[in-house]
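Here the structure is laid out as structure tokens; the discussion comes afterwards.
The values are calculated or read from the model by the stated rules, or taken from the named source; none is laboratory data. Keep in mind it's a predicted model, so treat the numbers as computed, not measured. Positions of Cβ are backbone-derived with ideal geometry, glycine not excepted, and every protein chain shown enters the neighbour counts.
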Amino acid sequence: MLLGGSLVLSVVIALVASRILLGGLFALMSGTTLPFVFHWRRVVFASALFWFWYLTPVVAASETAARLLRLFSSR
């Protein structure tokens with residue numbers, strides 16, 4: 001019962017989040033104003049923080065990235 005309830009709750013939360021994101025995307029595409037206040041600087045900051053904190057070390061530690069760097073530096 002608990003597992004079923006958590007599954008239903010997660011599906012509802014995912015549907016609400018997708019509805020908000022798609023509504024904002026369609027509003028941006030149609031040129032109207034957004035139905036909510038969107039703080040661009042906070043989104044850019046969070047994206048940059050995620051990139052520098054998580055993605056850069058993962059890419060640097062990956063074997064594929066090392067192979068590409070060796071390939072490009074050999075020319």
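So the values come out like this:
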| read-out | value |
| --- | --- |
| Members of region 37-70 that are of a type in the set (D, E, K, R) and either farther than 20 Å from Leu25 by Cβ or surrounded by 10 or more Cβ atoms within 10 Å (Cβ to Cβ) (or both) | Glu63, Arg67, Arg70 |
| Val11 part of a helix (DSSP H, G or I) and in contact with a helix residue (DSSP H, G or I) (Cβ under 7 Å, 6 or more places away or on another chain) | no |
| Ala27, sole failed condition from (1) at pLDDT 85 or above; (2) surrounded by 10 or more Cβ atoms within 10 Å (Cβ to Cβ); (3) not β-branched (Val, Ile, Thr) | (1) |
